[in-house]
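Worksheet: the structure to be examined is printed underneath.
What follows is calculated from the coordinates using simple rules that are stated; it is not laboratory data. Treat the numbers as computed from the prediction; the structure is a model and nothing was measured. Neighbour counts are summed over all protein chains in view; Cβ atoms, including those assigned to glycine, are modelled from backbone coordinates with ideal geometry.
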């Protein structure tokens, strides 16, 4: 359903929680966790990781699919690509000095 010019799909049956975790390189990755409001948290549920295309607006692509799957009873998560949005910047190793720094965005 359209909300004027806002075309981001929002469900009144799904809660979105901001989450962060460390990936295998030790970088902080940010994302959103989607769960149906009526989900029985005492039981196990299927889970999906939803990716978004590079260059896509994640709120229009990944959020849409993650929300729709949460409405169907899945616990869903999407995470931003490193160095995008709230996720950490990519580490860089200065080979001459052996030190680590971060790329600017």
What is the packing order of peptides 29-39, 60-70, taking the mean over residues of other C-beta atoms within 10 Å and listing the highest first? 60-70, 29-39
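By count of other Cβ within 10 Å, fewest leading, how are 79, 11 ordered?
Neighbour counts put them in this order, fewest first: 11, 79.
How long is the gain from residue 37 to residue 11 if the chain were fully straight, where each residue apart is worth 0.36 nm and the alpha carbon distance is subtracted?
Values: separation 26, 0.36 × 26 = 9.36 nm, distance 1.01 nm.
Here the answer is 8.3 nm.
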Here the gain from full extension of residue 48 to residue 18, 0.36 nm per residue of separation minus their alpha-carbon distance, amounts to 9.2 nm
